[in-house]
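Here's the structure, in structure tokens; my notes come after.
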Amino acid sequence: MSQPYGNTRTCVAARHALLAPDGHVKSNVPGITGAATIVLINEAMGAKFAQLLVTFESRGRAAAPANGVETVGYFETGGGTVTVGREKKRCAAGGFFFAPAGQAWSVTAPKRGSRVTLFQKKFVPLAGEKTPRAIIGDATKVKGQPFLGDPDARLQVLLPDEPAFDLAVNIFTYQPGATLPFVETHVMEHGLLMLAGQGVYRLEDAWYPVAAGDAIWMAPFCPQWFVAMGKAPASYLYYKDVNRAAL
Ligand code: UGY
Ligand code: MN
């Protein structure tokens, strides 16, 4: 469990962070019971959103009332019953949900050991647009599209690309050796969870070896690049804020 000389790959910098699983410490978060909950990213780090990793016991439950926060949940493993407003569905691994601001949501009757990532953001309304609708979906049914023409780097877009939505959540899957085509530098912030495989992530002027289970925060304008390494594809789930005015 412990590294003999106190080593870890975890690094929390001013404008990016890598959180390796060896450093995880549980938090008690109101509304989440019967689960180990790790707050990986939040405002204390400098982010404008929160990313939580919830591992449920068999009697676990997560719920939030209707308020100004919107939540995206993704079942990395296991499954559970998801209720968002009036919608209710059983999700398996790959299942996801979007609970808009103003709608209560819950995850109940989870399979023991289910790992669910939650992204939470204070909703920013857009004049002339309604609050986005609730969604309960299945990522295994979302086709991956080649990213900027590269069939070895595929993007699954889980939420509608519509102005009403002020956040996006995608899954990026790279064949070994595939890369982000250039060092991206953009206004959007990212929260990321490595789902499978391994590779190297460039964050600002540092290059980090990363593997399944790692989480990453990238502040706005954090230069970023990734290469997948090893013999199996690498994939990650990530959040970004989108569709709002620059000023
Ligand atoms: O959507 C994105 O900005 C994505 N291409 N960034 C990333 O994978 N680091
Ligand atoms: Mn990006």
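Observations, loosely collected:
- Applying the criteria of a DSSP loop state and at most 15 other Cβ atoms within 10 Å to the trypsin sites (Lys or Arg not before Pro) of the range 64-105 yields Arg86.
- Applying the Karplus relation 6.51 cos²θ - 1.76 cosθ + 1.60 with θ = phi - 60° to the range 64-73 yields 3J(HN,Hα) values of 9, x, 5, 7, x, 9, 9, 9, 10, x Hz, where x marks Gly and Pro.
- Averaging over all projection directions, the Cα-based convex hull of the chain occupies 13.8 nm² in the image plane.
- Rounded, prolate or oblate (a/c below 1.5 giving rounded, otherwise prolate when a/b exceeds b/c) for the range 12-140 by Cα gyration tensor: oblate
- When the C-alpha to C-alpha distance is required to be over 27 Å, the pairs from Lys48/Lys88; Lys26/Lys130; Lys26/Lys143; Lys143/Lys240; Lys88/Lys231 that qualify are Lys48/Lys88; Lys26/Lys130; Lys26/Lys143; Lys88/Lys231.
- The magnitude of the dipole of the chain, with charges of +1 and -1 set on the Cβ of Lys/Arg and Asp/Glu and taken from the Cα centre, is near 880 debye.
- Average accessible area per residue (Å²) across the range 164-217 - probe 1.4 Å, nucleic acids and ligands excluded: 32
- Top of Glu189, Glu57, Glu87 by mean-square fluctuation, Gaussian network on the chain, Cα under 10 Å: Glu87
- Note that the range 135-233 shows a convex hull volume over its alpha carbon atoms of 112 Å³ per residue.
- The range 140-152 - phi-based ³J(HN,Hα) in whole Hz, Karplus 6.51/-1.76/1.60, Gly and Pro as x: 5, 9, 9, 6, x, 9, x, 7, 6, x, 9, x, 8
- Separation between Cα centres of the range 98-139 and the range 68-91, rounded to whole Å: 7
- Each peptide in 231-241, 200-210 was scored by the mean count of other Cβ atoms within 10 Å over its residues; highest first, the order is 231-241, 200-210.
- The amide H of Ala35, built 1.01 Å from its N in the peptide plane, has Glu57 as neighbours under 5 Å, considering only residues 5 or more places off or on other chains.
- Since only Ile41, Leu155, Thr108 are under comparison, the one whose Cα sits farthest along the positive direction of the charge dipole of the chain, derived from C-beta charges on Lys, Arg, Asp and Glu, is Thr108.
- Calculated FRET value between Lys48 and Cys11, using beta carbons and R₀ = 22 Å, to 0.05: 0.60
- Neighbour cut-off at most 13 other Cβ (10 Å), DSSP loop, chymotrypsin sites (Phe, Trp or Tyr not before Pro), the range 138-197: Phe182
- Fraction of the pair-distance distribution of the range 34-91 above 14 Å, Cα-Cα pairs, percent: 65
- Residue separation of Arg112 and Asp161 scaled by 0.36 nm, minus their Cα-Cα distance, works out to 14.3 nm of gained length.
- Solvent-accessible area, 1.4 Å probe, carbon plus sulfur percent, for the range 1-120: 52
The values are calculated or read from the model by the stated rules, or taken from the named source; none is laboratory data. All of these numbers come straight from a predicted model, not from anything done at the bench. Every residue, glycine among them, receives a Cβ derived from its backbone with ideal geometry; neighbour counts consider all protein chains shown. Ligands, DNA and RNA are stripped out before the accessible areas are found, and what is left, the full protein with its side chains, is counted by its heavy atoms. Shrake-Rupley method; radii C 1.70, N 1.55, O 1.52, S 1.80 Å.
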